[in-house]
Amino acid sequence: MLVENGRMKCKTEEESDFYELLIQENLYPTLNYHVGSIPVHFALVPFKLALIERHSHMNEKRLMKRLKKRKWDVLFFSRERLATEHGRRLLVNDIYHILSQKPSFSLFETKKGLSH
């Protein structure tokens, strides 16, 4: 799979820092991806995991249902979660938790696994 440098597509410093953390974890996100007509901020395409920024006007249940139809999982995150190193690490732990529930996921596919 071709991995492009998505850091330039990040809109904020927090997004850029989170992108770099995902790369360090060997999770290689695709930025500004679309699953059908649904915009996804960070997509872990091989794992079919969509990371979407939470907004007050968003209907999360409807988005989850639409993504589930396409066999994608979704993790909603807040801007505040990306604002600190600790929050970004917690988000990575949430990602690993979701991925560990997938039958095809192996911790050997990543550099550090759940050791955080």
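Each reported figure results from applying straightforward, stated rules to the coordinates on display, with no laboratory input. Since this is a predicted model, take the numbers as computed values, not measurements. We place every Cβ from the backbone using ideal geometry, glycine too, and count neighbours over all the protein chains shown.
Computed values, structure above
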quantity	calculated
Inter-part distance where the range 26-49 and the range 60-107 are each reduced to a Cα centre, Å	11 Å
Extension gain, HIS55 back to ASN93 (0.36 nm per residue minus Cα-Cα distance, nm)	11.5 nm
Reachable aspartates and glutamates, given that their alpha-carbon falls under 19 Å from the alpha-carbon of LYS61 and they are not under 8 places away in the same chain	GLU53, ASP73, ASP94
HIS86-SER100 pseudo-label distance in nm [points 7 Å out on the Cα-to-Cβ vector]	2.2 nm
Cα→Cβ-extended label distance, 7 Å offset, between ILE38 and ARG79, nm	2.3 nm
Karplus-derived 3J(HN,Hα), 6.51/-1.76/1.60, for each residue of the range 39-44, Hz, glycine and proline x	x, 10, 5, 10, 10, 9
